[in-house]
Amino acid sequence: PLLSPSGSLVAFSVASDVWVLEVSTARPRRLTWFGGGSAMPVAWVPAGRTPSSSPSSVPASATANGDGSEGVLVVATTSEDPHGRDMLFAVALAGGTPVPLFDSELDAINYEVGGKGLLLGRHMYDPVVASRWKGYRGGKSGFVWVDREGNGEPKRLPLRDETAGSSEDLNVSCAMWIQDRIWFVADPDGSANLWSVDLDGQGLMKHSQHAFFDVRNAKVGAGSIVYTVGGELYILEAAAAAAITKAAPRRIPVEFGATLAHLPQFLDAEEHCEAVLLHPDGHHCAVSCRGRAFEMALWEGPAVAARSAGPDPGRAVRCLAMEYLYSGRLVTVTDELMPVLSFTIHPAPCLVDGERPTKAQDWLSLLIADAGVGTQHMRLEQPIGKILDMVCSPAHDALVVTTNRNELWLIEFQPSVGGRPSPQEEPVANADVPLTVEAKLLDKSEHEEGLFDPCWSSDGEWVAYVRKDSKRGSSIVLLKIASGEKTEVSDSGFSNYGPCFSADGRFLSFMSSRSFAPFEDEVTSELTFACGSTMPYLVLLQEDALNPFQRSALSPAEMRDREDGAGDNADGGDEEERDEDEEEDIEEKFQPPEQINIDIGGIGRRILQFPLPIGRYCNGSWTDGGKFQYLRGYGVAHQPGMHGDDPEEDGPCALFAFSFQRLKE
């Protein structure tokens, strides 16, 4: 903020524009509409003076006159320079187009009180905000120019610590013209303090003696300088400090009635959000924010923190990973006993038949979550490393995780009474008895980032994942959970990733980079291979399965049904919808999922490419209706070295769905 000389106005910046606030009414008003970059108010133009030595620098709508009223504000902004450099503009408080003052890079200006002199500054950064400031002596050091007569011919002011015998210029900030001396903040002796020189750059004097914290945000007004050091306010009478007596700065006591360190600090959760999970039934979601897990309903109500139920519930622990189990309960992984991981299963939300709860049920959920009732806490017996990816089984309470040790683990929850959860018998871990967590090593790789992208089949019996068997390529592997048998679907001759089972268990899809995408060169009129392409592929899991991309002979009625969009399921039939009355009469009971039969023999020869245009595909998944949905973008050629070592991803992708009935997206 920048206070006007009369104290009636305060100028401040918000994002890329400058606003002004009237102290008497406390109403802000927008002055600029730059729309980009950064902007900051730097000085009020004294009454009766032009913003610069040129008469054309006065805005047409300016109201500055000789009666002491404020009418023009000088603003430093980067929005008008193509290289992002700071430029000075004069802005009238009455509105209008900002007027550029100089053609060079400048971000500070100061006017001689009662004279025509002008001080200009470049790189006048705040000493602490600009991390490169302290001890820096490079090309972006602060520079000062002085125009004594105000005739448009400023001269560079040499600022050197001659007492130390140094020939290097000082790095300065917050330059100010007070009487016959130029004041600034510099650090020739290691700590940023207030210094001053005469108008020729000679007679360097030190006026503050702060040794630990640095001087920041120095401002001048009525012949005095006010600044901050270590969160405290100080004031220095410039005239007395420059005299022989050299008066010391005086601390300004400020009482807040409460210690600032004990006040609550509120942060924007959006900026610190790490992961978001949707409940399997869609009525709640879990959010990981700054290492803590929160659960909230998709209607009004608070976000409830997932309470740790470990040996020390009051201790703050960091949530490393989280996932919703098949039973709808949230499981979190914490680091309270590192290097051994701890697992906590939290109680399910209080709902009645999946409907929105009442106020009493909301309060009950809050009390249960706060007290940690129904929370099961357990830890592994051996360290497995840092979890990189964690996926829950869609048929029972079990997890598959990949770690930074390039290992694939199966995590199961064993109750003290009864058997462990099974897709065909009892899929839910009994929360009424103590649980223990067990880890089983499924696979490992010797290459960096060797195992990733695990996924479950719909029956919970198979897992597909990506394994790196070489430095360049990666293979798709099928693993039978019961026997541990592993089958390589696609070898590591290509870069494969993103496996995903279809809901009916007939197909396994994955993405693979195994073909080039030629572009027509506009200069040579020939083909150029600027980048490769990533296409989706389909694996037929049954040996007798037909090619789904080949049309079969259909009757005219079937053709009309296909054109009308009927039968979008992979099996060609309409989805059967039960009558509501019949559904209410059916007694709810557990029905195990249909087991998937996968013919391992010759599975590598049953890989088909989707009939889709060339592009870069990612995030493939299946809908319950049998459609395959994915994101597609197109590669853009770029010159190596022109976009940095790690160029940004290509343009935004679009979401598509492929229908096996229509054989088109």
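The values are calculated or read from the model by the stated rules, or taken from the named source; none is laboratory data. Fair warning: this is a prediction, and the values are worked out from it, not measured in the lab. Cβ atoms come from the backbone with ideal geometry, glycine included; neighbour counts cover every protein chain shown. What goes into the accessible areas is simple: the full protein's heavy atoms, side chains included, and nothing from ligands, DNA or RNA. Shrake-Rupley method; radii C 1.70, N 1.55, O 1.52, S 1.80 Å.
A few points about this structure:
- Cα centroid separation, the stretch 195-231 to the stretch 172-190 (Å): 6
- Neighbour net charge for residue 179 - beta-carbon separation under 12 angstrom, K R +1, D E -1: -3
- A crude spin-label estimate for the pair residue 224 and residue 209, with each label 7 Å from Cα along the Cβ direction, gives 2.2 nm.
- Using θ = phi - 60° and Karplus 6.51 cos²θ - 1.76 cosθ + 1.60, couplings along the stretch 493-504 (whole Hz; Gly, Pro as x): x, 10, 8, 10, 6, x, x, 7, 7, 6, 5, 8
- Gyration tensor verdict on the stretch 66-122 (Cα atoms; rounded if a/c is under 1.5, prolate if a/b is larger than b/c, oblate otherwise): oblate
- Once backbone amide H atoms are built at 1.01 Å from N, residue 615 has 534 as its partners under 5 Å, excluding neighbours fewer than 5 places away on the same chain.
- Qualifying trypsin sites (Lys or Arg not before Pro) in the stretch 196-255, DSSP loop, other Cβ atoms within 10 Å at most 16: 246
- Rounded Å value of the spacing that divides the Cα centres of the stretch 387-444 and the stretch 445-466: 14
- Ranked from largest to smallest solvent-accessible area, with a 1.4 Å probe on the protein heavy atoms, 471, 627, 116 come out as 471, 116, 627.
- When the residues 145, 33 are ordered by accessible surface, computed with a 1.4 Å probe over the protein chains alone, the sequence from largest down reads 33, 145.
- Label point distance in nm, residue 609-residue 94, each placed 7 Å from Cα along Cα→Cβ: 7.0
- The stretch 1-58, accessible area per residue, ligands and nucleic acids excluded (1.4 Å, Å²): 53
- With all protein chains modelled, accessible area of residue 468 [1.4 Å, Å²]: 40
- Vicinal HN-Hα couplings computed from phi for the stretch 100-116 (Karplus, 6.51 cos²θ - 1.76 cosθ + 1.60; Hz; Gly/Pro x): x, 9, 9, 8, 9, 6, 9, 9, 8, 8, 9, 10, 5, 6, x, x, 9
- With R₀ set to 45 Å, the beta-carbon distance separating residue 488 from residue 33 gives a calculated FRET efficiency near 0.15.
- Extension gain from residue 104 to residue 428, taking 0.36 nm per residue of separation minus the Cα-Cα distance: 109.6 nm
- Each peptide in 281-290, 266-275, 182-191 was scored by the mean count of other Cβ atoms within 10 Å over its residues; highest first, the order is 182-191, 281-290, 266-275.
- FRET efficiency for residue 654 and residue 623, using Cβ-Cβ distance with R0 set to 25 Å, rounded to 0.05: 0.90
- Solvent-accessible surface (1.4 angstrom probe) belonging to residue 252, in square angstrom, nearest 10: 50
- Efficiency of FRET between residue 389 and residue 116 - r from beta-carbon atoms, R0 60 angstrom, step 0.05: 0.30
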